[in-house]
1. Tell me, yes or no, whether the range 31-48 has at least one residue that is basic (K, R), in a loop (DSSP other than H, G, I, E, B) and more than 21 Å from P171 (Cα to Cα).
2. Take N9 and decide whether it is modelled with pLDDT under 95 and in contact with a Lys or Arg (Cβ under 6 Å, 6 or more places away or on another chain).
3. Looking at this structure, is K120 over 24 Å from K180 (Cβ atoms), more than 16 Å from the ligand (Cβ to nearest atom) and within 14 Å of the chain's Cα centre (by Cα)?
4. Any idea which of V153, V168 is of a type outside the set (D, E), open to solvent by 10 Å² or more (accessible area, probe 1.4 Å) and more than 26 Å from N54 (Cα to Cα)?
5. I want to confirm something. Restricting to the range 90-114 and keeping residues that are small (G, A, S) and in a loop (DSSP other than H, G, I, E, B), which single residue is nearest to the ligand (Cβ to nearest atom)?
6. Could you please find all residues in the range 35-70 being among the polar types (S, T, N, Q) and within 19 Å of N108 (Cβ to Cβ)?
7. Answer yes or no: is there a residue in the range 82-94 that is under 13 Å from the mean Cα position of the chain (by Cα), free of Cβ contacts under 8 Å to residues at least 40 places away in the same chain and open to solvent by less than 30 Å² (accessible area, probe 1.4 Å).
8. Filter the range 14-29 down to the residues that are more than 8 Å from the ligand (Cβ to nearest atom) and either modelled with pLDDT of 95 or more or open to solvent by less than 60 Å² (accessible area, probe 1.4 Å) (or both) and list them by number.
Amino acid sequence: MGFLDRLFNKTTEGEIKMTKLNIGIILGSTRQGRVSPQVGEWVKGIADKRGDANYEIVDIADFNLPFLGEGTGTEPGLAAWNEKLASLDGFVFIVQEYNHSITGALKNALDSARDAWYNKAAGFVSYGSTGGARAVEHLRGILGELLVADVRVHPTLSLFTDFENGSVFKPAELHLDNVKAMLDQVNAWSGALKNLR
Ligand SMILES: Cc1cc2nc3c(=O)[nH]c(=O)nc-3n(C[C@H](O)[C@H](O)[C@H](O)COP(=O)(O)O)c2cc1C
C-alpha cells in the first residue's frame, strides 16, 4: 500500500476522506477508589471537542490481566488487551505516582503486550504530590524499549491544588493549554508513525 493510500480512504463513491487516528486514553491505576477515571474523562472531553481523532478511554481494569507469567497465557483478557492496543495509533497515559514510579498494574499491562505497542506515539497526563513527574520519567524509559515515541509536553496535576481532599478532581484552568499542546504532539507523531507501520 502506498503512502497516499495509507493516509486517505477512498469511499465507494470515489470521494477521498481523511482517516482519523485512534487514540487510547489509558487509565494507569486499577485500585478501588482511584481517581484516574475522573482525570481520563476530563482529558477525553477536551480531546473530543477537537474532532481530530477518535479518542477512547481504555481501562486496564476491564481486561483482568493476569500477572505476567502467572496465568495460562490463554486468558481472554490478555488477547483482548493485545487486540485493543493493536487497534490504536497512539496513547495518552493517565499516570499516577506510586512510590515515585508507575503503578504495578500499568507495568504489568505494558509487559503484557509487545508488538502491539511498536512504532506508535504517547503523551502523558499525570498527578501526584509533585504532579506525578517522577512516575512519567520512569514510564518514558520503559516506553523506549517498546518503541513508543514519547512527546514532550506533559501536563502535571497536583494532588493538593487540582483535587479536593485528594479525591474530587477540580483541575486548574491553566492545564487546558498544556493538554491541547500535548494532544497536538501525540496526533502529529501518531500520524507520522502510522506511515512507518
Ligand atoms: C501505594 C501508593 C504509593 C504512593 N506513592 C506516592 C508517591 O511516591 N508520590 C506521590 O506523589 N504520591 C504517591 N501516592 C499518592 C497517589 O499519587 C494518590 O493516591 C493518587 O490518587 C493515586 O492515583 P489513583 O487514585 O488513580 O490510584 C501513592 C499512593 C499509593 C496508593
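1. Applying the first criterion (basic (K, R)) to the range 31-48 yields 31, 34, 44.
From what's left, in a loop (DSSP other than H, G, I, E, B): 31, 34.
Restricting the remaining residues to those that are more than 21 Å from P171 (Cα to Cα) gives 31.
Within the range 31-48 (the criterion being basic (K, R), in a loop (DSSP other than H, G, I, E, B) and more than 21 Å from P171 (Cα to Cα)), the answer is yes, since at least one residue qualifies.
2. Details: modelled with pLDDT under 95: yes; in contact with a Lys or Arg (Cβ under 6 Å, 6 or more places away or on another chain): yes.
Considered against the rule, which asks whether it is modelled with pLDDT under 95 and in contact with a Lys or Arg (Cβ under 6 Å, 6 or more places away or on another chain), N9 comes out as yes.
3. In short, no.
4. Details: V153 fails: more than 26 Å from N54 (Cα to Cα).
None of the other options fit; the residue is V168.
5. So in the range 90-114, the residues small (G, A, S) come out as 90, 101, 104-105, 109, 112-113.
Those left that are additionally in a loop (DSSP other than H, G, I, E, B): 112-113.
On the way: S112: 19, A113: 21 Å.
Going through the qualifying residues, I end up with S112.
6. Residues of the range 35-70 among the polar types (S, T, N, Q): 36, 38, 54, 64.
Within the range 35-70, S36, N64 qualify.
7. For the range 82-94, residues under 13 Å from the mean Cα position of the chain (by Cα), free of Cβ contacts under 8 Å to residues at least 40 places away in the same chain and open to solvent by less than 30 Å² (accessible area, probe 1.4 Å): absent.
8. To start, the set of residues in the range 14-29 that are more than 8 Å from the ligand (Cβ to nearest atom) comprises 14-26.
Result: G14, T19, K20, L21, N22, I23, G24, I25, I26.
The values are calculated or read from the model by the stated rules, or taken from the named source; none is laboratory data. Computed from a prediction, not measured in an experiment: that's the story for all the values here. As a convention, Cβ positions derive from the backbone with ideal geometry for all residues, glycine included, and neighbour counts pool all protein chains shown. Areas reflect the complete protein model, heavy atoms only, side chains present, ligands, DNA and RNA absent. Shrake-Rupley method; radii C 1.70, N 1.55, O 1.52, S 1.80 Å.
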